[in-house]
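Everything below concerns the one structure shown next.
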Amino acid sequence: MGNTVSCCVSPESSPKLPSRQPAERLEEFLTSTEVSDDNSAPYLQHISDREVPDELALESNPSDHARASTIFLCKSQTDVRDRRKSNHSNHISHVSPGPLSKKYSSCSTIFIDDSTVSQPNLKSAIKCVTLAIYYHIKNRDSDRSLDIFDEKLHPLSREAVPDEYDCMDPEHKIIYRFVRTLFSAAQLTAECAIVTLVYLERLLTYAELDICPSNWKRIVLGAILLSSKVWDDQAVWNVDYCQILRDITVEDMNEMERHFLELLQFNINVPASVYAKYYFDLRQLADDNKLSFPLEPLNNQRAHKLEAISRLCEDKYKDLSRAAMRRSLSADNLIGIRRSNAVLS
């Protein structure tokens, strides 16, 4: 998965619990954290007692669990359904759909793209992530925000922010241009784009915020800043971003990063299952919006490359299985597989 840093935060030290938590569960949760009536020794909780119940975590923290649906894909379904209804109406009206733009494999030619879950295509990943941000802004529930992310209070450039800056939703190409400039200048990878979206949705869930026209640039910048430090081995410093956005100060970047981490409750761990879920949901989003990944015919060179990668992964899993078999057995598991050296007479 790359470099991930996990941070365990107990519920006692968290700023606040999810507001959607039922009252009876909340009362039981708070009661279990109190010390016992016996003054001789404090009551020590088991770790399973301190964790939020799984069904509540699935409801409130979709960026932490692989079974929960991503927020951006849910927000995009309204537009997708409307588009499908329009296409169905056009089909009934006998309107010609035009030439097919998508390439399909045949018996003689196989078309594949160069984007995989472990090595996504950079341009396609940025397009999909920015499209997810676009749907977050367009189909937001309200305009909940914080001053630290308000572009009027903390501008990113010396140009005057227009008065209607908080009323006009940005287009997809404007969001894409902003994110692409940062990724190109900082030389970030496609994996950082996916982790950026994970942190963004985690922030909106934990802090109960909405990404809107007044704060989207600073929220996206904070998510990119954090993902580049967590994922890449050679992290980009805050002063480097100040050279990209020349009108922003290092102090402002540091303060925004500090607030971002506090709102995330310092939970910057991204499990492999969550990362894979976001990758495939982004591919689904691209397919729903006709954002095709670049397809190329499978030639001998690409076939040998795929075969080599497959063989490398297979050898890696074989080595892991052998290492697991060589582990010593404990006294509690004497019925397991036993191996002995052969005696040659």
Cβ pairs under 7 Å, 6+ apart or interchain, first in region 67-83 and closer than 20 Å to residue 274 by Cβ and hydrophobic (A, V, I, L, M, F, W, C), second at pLDDT below 85 and surrounded by 15 or more Cβ atoms within 10 Å (Cβ to Cβ), ordered by first then second residue, are 68/58; 68/62; 71/62
Might you check whether a residue that is modelled with pLDDT of 90 or more, open to solvent by 60 Å² or more (accessible area, probe 1.4 Å) and assigned to a helix (DSSP H, G or I) occurs anywhere in region 312-328?
-> no
Filter region 236-245 for residues that are over 18 Å from residue 179 (Cβ atoms) and in a loop (DSSP other than H, G, I, E, B) and give the result.
-> 237
In region 118-138, which residues are assigned to a loop (DSSP other than H, G, I, E, B) and surrounded by 16 or more Cβ atoms within 10 Å (Cβ to Cβ)?
-> 120, 121
Pick from region 151-175, criterion among the basic types (Lys, Arg) and touching a residue at least 12 places away in the same chain (Cβ under 8 Å), ranking: least open to solvent (accessible area, probe 1.4 Å) = 152
Right, residue 203: open to solvent by less than 30 Å² (accessible area, probe 1.4 Å) and either in a helix (DSSP H, G or I) or free of Cβ contacts under 8 Å to residues at least 24 places away in the same chain (or both) or not?
-> yes
Selection within region 176-190 - touching a Lys or Arg at 6+ places or on another chain (Cβ under 9 Å) and either under 16 Å from residue 210 (Cβ atoms) or open to solvent by 50 Å² or more (accessible area, probe 1.4 Å) (or both) | 180
In this structure, is residue 252 among the acidic types (Asp, Glu), open to solvent by less than 30 Å² (accessible area, probe 1.4 Å) and in a helix (DSSP H, G or I)?
-> yes
Given the structure, is residue 282 surrounded by fewer than 21 Cβ atoms within 10 Å (Cβ to Cβ) and either on the phi < 0 side of the Ramachandran plot or at pLDDT below 90 (or both)?
-> no
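The values are calculated or read from the model by the stated rules, or taken from the named source; none is laboratory data. Treat the numbers as computed from the prediction; the structure is a model and nothing was measured. When we count neighbours, we look across all protein chains shown, and the Cβ atoms used for this are built from the backbone with ideal geometry, even at glycine. What goes into the accessible areas is simple: the full protein's heavy atoms, side chains included, and nothing from ligands, DNA or RNA. Shrake-Rupley method; radii C 1.70, N 1.55, O 1.52, S 1.80 Å.
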